[in-house]
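To start, the structure under review is shown below, and the notes come after it.
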Amino acid sequence: MAGPRLLRRCLLTALSAVLAGSALAAPAQAAAPTSSTSSAAAEVTTFSDTFDGPAGSPVDSSKWQMETGDNVNNHERQYYTSGTNNAALDGQGHLVITAKRENPGNYQCWYGTCQYTSARLNTSGKFAAQYGHVEARMKVPRGQGMWPAFWMLGTDIGDVGWPNSGEIDIMENVGYEPSTVHGTIHGPGYSGSGGIGAPYSLPGGQAFADDFHTFAVDWAPDSITWSVDGNVYQRRTPADLGGKTWVFNKPFFLILNLAVGGDWPGDPDGSTSFPQQLVVDSVSVTTSNTATGTAIRGLAGKCVDVAAANSANGTQVQLYDCNGTAAQQWTVGSDGTIRALGKCLDVKDNGTADGTPVQLWDCTGGPNQKWVVTDAHDIVNPQADKCLDVKDNDSANGTPLQIWSCSGNANQKWTVG
């Protein structure tokens, strides 16, 4: 992780007692599948907030709780408030978290009288997830000292503390890097400045504050994959930890906040204008109907399989005896993708011709990675208007999959789940 990151932010002291009591709260009940065209699909939305409501109204208290207080751990400058002064709906489908240079309540911070107010929200005790596609569409603020973040903590933090609880930073931005965001994991022996992650930068000097962007992780057993606007930029597994403990195969809850100042971003200066806003369009978590995904079964009762469980780009996708391994655990997403091992089912070279192979590839958001699962048990690539097909109608293990004109034959029929 770039930057002089001496201490990682933890939960506020004032919240620790609450977390200790709610850390083991059960996840919210899953909703029904969101797509009528994929009734057999595994994807369900387990959490969604599109922040609809009258301007000035608070966030949905059944989904979020407000944290209050300061944060000495990173030497941040803001005081987090409750109510709607620093976090409110705008009446146009957004949550606006506003950092202000003010102190109407005479709040006291670790350094004396607080200079700034802002907001931090979490879902502890209200919602937690274990695995899935976790995303937020947001427009970040700009300016020296701004530090917006979308992240997760293990629900056991009240029992084991940080960093043993684990932390997954889906998106962090520091104001002196307007074109760059960071994704990081923290755990025992790799926390604070030792967190493991990578940056993602927009091309051509574009600033993240200029527009909305979608920040996401695809999270599976022993695997976390980060993306921005569908562009995958890193994947982490236990192999990246050098023998240290992977603490991410358990439930986590969500956090949104806008910090002001701190060890990493530095403090605001004369170039920083206030107020600054983190504008959140939506937050969602979609998962499969099992913790690890679901099988896609086809010809002769065999499964769609990633050859040798190899997550490298270009790995053949094939038919194979169903065995329940990660190579056969697929998530059918509301974004039209079908994913395994943190990557997408992809039509090679953006092809549309009969016989074009399908493979595993980094998720790009391209039309060659979009699929529709129909009630007739076809899996169709709309760009090519062709079906996922077992080559030569051959049910032998290792037979490659391809796209082919939809015929209704058995080698094009699939059952998801």
Could you list, ordered by first residue, the pairs with Cβ atoms under 7 Å in which the first is in segment 306-325 and among the aliphatic types (A, V, I, L, M) and the second is modelled with pLDDT of 85 or more and part of a helix (DSSP H, G or I), at least 6 apart or interchain? Val306/Ala327; Ala309/Ala327; Leu319/Leu299
Suppose the filter is touching a Leu at 6+ places or on another chain (Cβ under 6 Å) and either free of Cβ contacts under 8 Å to residues at least 12 places away in the same chain or not assigned by TED's automatic domain parsing to the domain that holds Asn381 (or both); does Leu256 pass it? yes
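Residue-wise test of (1) closer than 24 Å to Ala220 by Cα; (2) not β-branched (Val, Ile, Thr).
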residue: Ala308; (1), (2): yes, yes
residue: Gly333; (1), (2): yes, yes
residue: Asp362; (1), (2): yes, yes
residue: Val372; (1), (2): yes, no
residue: Lys391; (1), (2): no, yes
residue: Ser395; (1), (2): no, yes
residue: Trp404; (1), (2): no, yes
residue: Gly417; (1), (2): yes, yes
Looking only at segment 85-133, count how many residues are within 14 Å of Val279 (Cα to Cα), among the hydrophobic types (A, V, I, L, M, F, W, C) and part of a loop (DSSP other than H, G, I, E, B). 1
Filtering segment 246-271 for residues that are among the β-branched types (Val, Ile, Thr) and surrounded by 24 or more Cβ atoms within 10 Å (Cβ to Cβ) leaves a count of 1
Just to check your reading of the model, which residue among Gln316, Gln383 is part of a strand (DSSP E or B) and surrounded by fewer than 24 Cβ atoms within 10 Å (Cβ to Cβ)? Gln316
Out of everything in segment 325-376 that is over 23 Å from Thr46 (Cα atoms) and at pLDDT below 90, what residue ends up being surrounded by the fewest Cβ atoms within 10 Å (Cβ to Cβ)? Thr325
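The values are calculated or read from the model by the stated rules, or taken from the named source; none is laboratory data. Model, not experiment: these values are computed from the prediction. In this analysis, Cβ positions are derived from the backbone assuming ideal geometry, glycine residues included, and neighbour counts consider all displayed protein chains.
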